[in-house]
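Q: Provided herewith is a single structure, encoded as structure tokens, for subsequent inquiry.
The values are calculated or read from the model by the stated rules, or taken from the named source; none is laboratory data. The structure presented is a predicted model; accordingly, all values stated were derived computationally and were not measured. Methodologically, a virtual Cβ is constructed for each residue, glycine included, from the backbone with ideal geometry; neighbour enumeration extends over all protein chains shown. For accessibility, only protein heavy atoms count, side chains too; no ligands or nucleic acids. Shrake-Rupley method; radii C 1.70, N 1.55, O 1.52, S 1.80 Å.
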Amino acid sequence: MKARSIPRSALIYLKGPKFLIYVSGALSMWGDRMWHFAISVFLIELYGHNLLLTAIFGLVVAGSVLLLGALIGDWVDRNPRNKVAHASLFIQNVSVTVCSIVLMLVFSYKKWIEEIWDGWLTVVCYTVVIVLADVANLASTALTIAIQRDWIVVITGFNRGHLAGMNATMRRIDQVTNILAPLAVGQVMTLASNVVGCGFILGWNLVSLIVEFFFLSRVYRIVPELSVKLPTMEHQSYLQKKRESKPAEITSNLHLQEITRIPVCFQRLRGLLRTCQEGWRAYYKQPVFLAGLGLAFLYTTVLGFDCITTGYAYTQGISGSLLSILMGVSAAAGLLGTVLFTKLRKACGLVNTGVISSGLHLGCLLLCVCSVFAPGSPMDLSILNMGNAHGFQLRGGSNQPLLPDRSSIHWTNNTVLFENAPAGTEPESYVSIILLFLGVIMARVGLWSFDLTVTQLLQETISETERGVVNGVQSSINYLMDLLHFLMVISAPQPQHFGILVIISVLFIFTGHTMYFLYARKAKRKQCTNT
């Protein structure tokens, strides 16, 4: 009987909504990670190994989510769940597919395209690529809000333990794909060509579109609660209350005459701006406002495995192979953070889990502060003089360019390393760089546990009718704080400046956790008052 029940229970799980969401999420995350990594490299290749197109693309992506996050979330709230998921999935995958086709044509016929319209056709192709990639990112944002912020809550039946388990599992999938997906597409691009890399991504998106569409449709059918969106008066969103509480004079004849004088396009624009304004107000009205804003402040940091930190490590004599190993260790630390989250939530409660995770995160980052003043640190405040601070030197010597031939490019997870690029002289001591990466890696445990805590707080406390718009605004703030960290690097770009960026990053992180402490204190006071 037991032997028969085990395969049956396994089969039930494989056909269940949780497993289907996990597989769909894994396919989506894998495609996103491959695409985000590949598009940055493709833009570098297209523009003569110059970072201009990559910078423009990053600015467009961040700016569009910053401006449209509330509108995307409001669209998620106002439409049926299946239509939102299917439309987002279709737009995302089709955009990436068309963009891949354009890139394949540009790479194959680049010289011929450059001769048409005095080179303006090339500019048109660059614009099309960036616009399509941005549309794909916006659709991916909508899909993430819909599935990971709404569907999961409904599937778990609002059970906090099951919700924590699904959140942790989705984050583990994200961590694994963050390491493996870029390495996979990077190997294809290195061993074959950019055209083959585009074709690989194109094929993946077409297959993924079909599988994800089928799996999400099945989840929608087997979980009847997903088809129910009842904006009852008890759980009515702030936006709906705002719209329904308009004063009577708005519908007066005088006001209608004023509206008719305004062109339709301006009326729609004003409506969109009003939706954005009300979305940000709805976010501010949330009881977890401080917790969400605190999480956003953690994005203003150079203490992560992005192109900034890995590039700095490369100038300090750390090889690309060692960086790849450190990235793997960092991912393992992130997975440990998801395990810690589930254990702490059961033992201490959700709010206390965030407090403990915050303390762990800040404590580990003190090692990074110590690295600024440790032996081997290149920090030199005298270089801040205007005469010397002209940004990164783009040449290793008088005739040695930093961006060499594409044959010498190697890809790691989040950075592009160049075989002939001057990696900088080896430091007198490796104590500083060891402390830096030790702090960054250890801090990932507390960071991901804290991230999951705030994510679940947002899921539990936001009413169903405004989950989309609030999470859309949260995405906007996250992108805004991420932009600030790039502005920090632009203002202090040399390796000798990195210590200052580390200190500023820790101050931002400390501010973010302080906001969470204030939220936790308020939540505990409210809990004591209720009891």
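Q: Here is a check on your reading of the model: is A313 out of contact with any strand residue (DSSP E or B) (no Cβ under 8 Å at 6 or more places or on another chain), within 15 Å of L180 (Cα to Cα) and part of a helix (DSSP H, G or I)?
A: Taking the combined requirement at face value, the residue does not satisfy it.
Q: I would also like to ask the following. Looking at the stretch 283-301, is at least one residue open to solvent by less than 30 Å² (accessible area, probe 1.4 Å) and over 19 Å from V454 (Cα atoms)?
A: Among the residues of the stretch 283-301, not one is open to solvent by less than 30 Å² (accessible area, probe 1.4 Å) and over 19 Å from V454 (Cα atoms), which makes the answer no.
Q: In addition: Can you tell me which condition R33 does not meet? The list is (1) surrounded by fewer than 18 Cβ atoms within 10 Å (Cβ to Cβ); (2) closer than 29 Å to L226 by Cα; (3) at pLDDT below 90, and all the others hold.
A: (1)
Q: In the stretch 203-220, which residue that is among the hydroxyl-bearing types (S, T, Y) and more than 30 Å from L46 (Cβ to Cβ) is most open to solvent (accessible area, probe 1.4 Å)?
A: Y220
Q: On to the next question. If we only count helices (runs of 4 or more DSSP H) wholly inside the stretch 97-202, which ones have 1 or more residues that are over 28 Å from A332 (Cβ atoms), among the hydroxyl-bearing types (S, T, Y) and open to solvent by 30 Å² or more (accessible area, probe 1.4 Å)?
A: Fully inside the stretch 97-202 and qualifying: 120-146.
Q: Tell me whether the stretch 84-94 contains one or more residues that are open to solvent by less than 40 Å² (accessible area, probe 1.4 Å), part of a helix (DSSP H, G or I) and modelled with pLDDT under 80.
A: no
Q: Go through (1) open to solvent by 20 Å² or more (accessible area, probe 1.4 Å); (2) over 30 Å from L326 (Cα atoms); (3) in contact with a helix residue (DSSP H, G or I) (Cβ under 9 Å, 6 or more places away or on another chain); (4) of a type in the set (D, E, K, R) one by one and return the number of the condition R81 breaks.
A: The failed condition is (1).
Q: Just need a number here: residues in the stretch 493-509 that are of a type in the set (A, V, I, L, M, F, W, C) and farther than 28 Å from L360 by Cβ.
A: 0
Q: Among the residues in the stretch 180-203, are any within 16 Å of V23 (Cα to Cα) and modelled with pLDDT of 90 or more?
A: No.
Q: Does A62 meet the test of being at pLDDT below 90, among the small types (G, A, S), open to solvent by less than 20 Å² (accessible area, probe 1.4 Å) and under 24 Å from L272 (Cβ atoms)?
A: Yes: the conditions hold for A62.
Q: Moving to a separate point now. Report whether or not I12 is part of a helix (DSSP H, G or I), modelled with pLDDT under 90 and of a type outside the set (G, A, S).
A: Yes: the conditions hold for I12.
Q: Here's a follow-up. Which of (1) modelled with pLDDT of 90 or more; (2) aromatic (F, W, Y); (3) open to solvent by 50 Å² or more (accessible area, probe 1.4 Å) does F450 not meet, given it meets every other one?
A: Going through the list (1) modelled with pLDDT of 90 or more; (2) aromatic (F, W, Y); (3) open to solvent by 50 Å² or more (accessible area, probe 1.4 Å), F450 breaks only (3).
Q: Going by what's in this entry, would Q459 be described as surrounded by fewer than 24 Cβ atoms within 10 Å (Cβ to Cβ), out of contact with any Asp or Glu (no Cβ under 8 Å at 6 or more places or on another chain) and part of a helix (DSSP H, G or I)?
A: In short, yes.
Q: List pairs: first in the stretch 328-354 and more than 11 Å from A164 (Cβ to Cβ), second open to solvent by less than 30 Å² (accessible area, probe 1.4 Å) and not in a helix (DSSP H, G or I), Cβ under 6 Å, 6+ apart or cross-chain?
A: Short answer, once both residue conditions are applied: S330/F305.
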